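Enquirer: Starting off with a structure, shown below.
The values are calculated or read from the model by the stated rules, or taken from the named source; none is laboratory data. What you see is a predicted model; the values in this text were computed from it and never measured. Note that each Cβ is placed from the backbone with ideal geometry, even for glycine, and that neighbours are counted across all protein chains shown. Calculation scope for accessible area: heavy atoms of the full protein, side chains included, ligands and nucleic acids excluded. Shrake-Rupley method; radii C 1.70, N 1.55, O 1.52, S 1.80 Å.
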There are 2 protein chains.
Amino acid sequence: MTGTLIGVGVGPGDPELVTLKAHRIIQGAKVIAYPSTEEGESFAREIVADYVPSGVVEIPIKIPMVAERYPSQVIYNEAYTCINHHLSFDQNVIVICQGDPFFFGSFMYLFSKFVNKVPIEVIPGITSLTACSAVSLRPLCARSDTVTVIPGNLNDNELEQALKGEGAFAIMKVGRHLDRLKSILERLGLFNRSTYISHATLANQVVAPLSKAPEIAPYFSMILIPSEDKYVTY
Amino acid sequence: MTGTLIGVGVGPGDPELVTLKAHRIIQGAKVIAYPSTEEGESFAREIVADYVPSGVVEIPIKIPMVAERYPSQVIYNEAYTCINHHLSFDQNVIVICQGDPFFFGSFMYLFSKFVNKVPIEVIPGITSLTACSAVSLRPLCARSDTVTVIPGNLNDNELEQALKGEGAFAIMKVGRHLDRLKSILERLGLFNRSTYISHATLANQVVAPLSKAPEIAPYFSMILIPSEDKYVTY
């Protein structure tokens, strides 16, 4: 008998944007794991802090903020060993993930190590994509729109390719790419349709036309470019 | 003083995949509206049926299942008048939406009629996109993947264009387009990476490789094509 690895999405930040299912599972957890800074701070854990049960075993996965993959590899191997230990005693391990575990989520790294070895369950969460659309009151897509979600760290050429065509676009993880993205969107005639959002659903949330975006964008920021006929009418 | 129009996403079907915020708002509702069949059946309302307060005013928006837009236009105009009446008495109106209100949601039609006229709030919901990824245990995207969401009703040419390039793809609302989509995916070399999902998170959920999909697909079905390196490792 082995426990189940459960990846639980806890949404973009507002503690109320957690599902009833995630709430129930976390409330009943015996062992939880989550990504954290080297100092042990974890945004994912903060979202659900009010109902993490007392006495729960906590496994912070302390990811160093460096570009190289080497230290993270070591950290994930350690996390694997530790989580596997609990699973082998028929204990479920709940991995708390900001947003959705399978939508640009860090859960993927654990998933890849455990898949086909132990039972795995994934509880979907509210993504930043729909959270940003909601707080900016800009409908993302309807009817026969395509939607392309684009990571901001692509190079200029890849970005231009991805931004071609019709439909709606969302550029994730804008951060230090803001200026570069602005130029590209300008060149492609998409600048005026673009909305900038950071820290969606949190107290320090910013929503602005891209022309009024702050000069420095945090990592958790997005540019939304809804489809051209943004208001759908019958 | 006017009430607020609140579009509330209630997720893909599992009543536990509703957010705490949606749950609280619906529990406290005085007036709710939702899309329904002409017979008054509403999938969105069913999801939250357990906590719709007794005595609530209900506005079913009975959309006829026909291709023409004319009758829907009349129905939405009637719904507008009725909802506007309640709002004008400083009463909030909660519009219950399957999935997410701004992600291919029917809420868009009401939004377009009320935007810039009354206060509007949107509560994001779990989309079928991440629900299908979760139940099929197939991570959708990581790192620098792009994700393209494609409605199944596009024509062959549009589909081929949308399915070009790298990254992950999700084809929504497969329904009667299943055979056509299969041929196109085969032609583009994407068939073997494709997973078919219908009724995600519900008791009658189906998850299968596309090669084993049933012959007839319901409207609420999806084909997921995660990015090629589907398991992400450090």
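Enquirer: With respect to A:Lys113, determine if the residue is at the interface with another protein chain (Cβ under 10 Å from one of its Cβ atoms), charged (D, E, K, R) and either free of Cβ contacts under 8 Å to residues at least 60 places away in the same chain or assigned to a loop (DSSP other than H, G, I, E, B) (or both).
Expert: Here the answer is yes, as A:Lys113 does meet what is asked.
Enquirer: Next question. Starting from the range B:19-32, keep only residues that are more than 21 Å from A:Ile123 (Cβ to Cβ), then list their pairs with residues that are basic (Lys, Arg) whose Cβ atoms are within a distance under 7 Å, requiring at least 6 positions of separation or different chains.
Expert: So the pair list comes out empty.
Enquirer: Only residues in the range B:173-193 that are within 18 Å of B:Pro214 (Cβ to Cβ) count as the first member; pair them with residues that are charged (D, E, K, R) and not in a helix (DSSP H, G or I), Cβ under 8 angstrom, at least 6 apart or cross-chain, and list the lot.
Expert: From residues that are within 18 Å of B:Pro214 (Cβ to Cβ), the pairs are B:Leu178/B:Glu215.
Enquirer: Going by the conditions given, is B:Leu224 within 13 Å of chain A (Cβ to nearest Cβ), within 26 Å of A:Ala162 (Cβ to Cβ) and either open to solvent by 80 Å² or more (accessible area, probe 1.4 Å) or not polar (S, T, N, Q) (or both)? Write out each step before concluding.
Expert: Details: within 13 Å of chain A (Cβ to nearest Cβ): yes; within 26 Å of A:Ala162 (Cβ to Cβ): yes; either open to solvent by 80 Å² or more (accessible area, probe 1.4 Å) or not polar (S, T, N, Q) (or both): yes.
So B:Leu224 fits the description; yes.
Enquirer: Here is a check on your reading of the model: is B:Glu38 charged (D, E, K, R) and more than 18 Å from B:Gly11 (Cα to Cα)?
Expert: Here the answer is yes, as B:Glu38 does meet what is asked.
Enquirer: Next up: Do we have B:Val57 as among the aliphatic types (A, V, I, L, M), more than 9 Å from chain A (Cβ to nearest Cβ), without any contact (Cβ under 8 Å) to a residue 60 or more places away in the chain and farther than 25 Å from A:Arg24 by Cβ here?
Expert: The answer is yes for B:Val57.
Enquirer: While we're here: Got a sec? Which of B:Ile75, B:Ile94, B:Ile83 is out of contact with any Gly (no Cβ under 8 Å at 6 or more places or on another chain) and assigned to a strand (DSSP E or B)?
Expert: Of B:Ile75, B:Ile94, B:Ile83, the one residue that is out of contact with any Gly (no Cβ under 8 Å at 6 or more places or on another chain) and assigned to a strand (DSSP E or B) is B:Ile94.
Enquirer: Name every residue in the range B:168-194 that is of a type outside the set (A, V, I, L, M, F, W, C) and either open to solvent by less than 10 Å² (accessible area, probe 1.4 Å) or part of a helix (DSSP H, G or I) (or both), in order of residue number.
Expert: Correct list: B:Gly175, B:Arg176, B:His177, B:Asp179, B:Arg180, B:Lys182, B:Ser183, B:Glu186, B:Arg187, B:Asn192, B:Arg193, B:Ser194.
Enquirer: Now for a different question. Going by the structure shown, is A:Thr201 within 14 Å of another protein chain (Cβ to nearest Cβ), on the phi < 0 side of the Ramachandran plot and under 23 Å from the mean Cα position of the chain (by Cα)? Even if it seems obvious, please write down each step before you answer.
Expert: Numbers: within 14 Å of another protein chain (Cβ to nearest Cβ): yes; on the phi < 0 side of the Ramachandran plot: no; under 23 Å from the mean Cα position of the chain (by Cα): yes.
So A:Thr201 does not fit the description; no.
Enquirer: Starting from residues that are out of contact with any helix residue (DSSP H, G or I) (no Cβ under 8 Å at 6 or more places or on another chain) and part of a loop (DSSP other than H, G, I, E, B), keep the ones in the range A:145-159 and report whichever is farthest from the other protein chains (Cβ to nearest Cβ).
Expert: Per the criteria, the residue is A:Asn155.
Enquirer: I'm trying to understand the selection: among the residues of the range A:9-46, which are within 21 Å of A:His85 (Cβ to Cβ), assigned to a helix (DSSP H, G or I) and more than 14 Å from chain B (Cβ to nearest Cβ)?
Expert: A:Arg45
Enquirer: So, B:Tyr51, is that one farther than 28 Å from B:Asn204 by Cβ, free of Cβ contacts under 8 Å to residues at least 60 places away in the same chain, touching a helix residue (DSSP H, G or I) at 6+ places or on another chain (Cβ under 6 Å) and open to solvent by less than 60 Å² (accessible area, probe 1.4 Å) or not?
Expert: no
Enquirer: Now, a different point. Would you point out the residue of the range A:116-136, among those that are at pLDDT 95 or above and farther than 28 Å from A:Pro218 by Cβ, that is most open to solvent (accessible area, probe 1.4 Å)?
Expert: A:Lys117
Enquirer: Also: Report, by residue number, each residue of the range B:47-66 that is assigned to a strand (DSSP E or B) and out of contact with any Gly (no Cβ under 8 Å at 6 or more places or on another chain).
Expert: Restricting attention to the range B:47-66, the residues satisfying the condition of being assigned to a strand (DSSP E or B) are B:57-62.
Passing the criteria: B:Val57, B:Glu58, B:Ile59, B:Ile61.
Enquirer: I've got another one for you. Determine which single condition A:Pro139 fails, assuming it passes every other condition in (1) surrounded by 21 or more Cβ atoms within 10 Å (Cβ to Cβ); (2) at positive phi; (3) modelled with pLDDT under 95.
Expert: That leaves (2) as the condition not met.
Enquirer: What's the total number of residues in the range B:76-109 that are surrounded by 19 or more Cβ atoms within 10 Å (Cβ to Cβ) and within 10 Å of another protein chain (Cβ to nearest Cβ)?
Expert: 12
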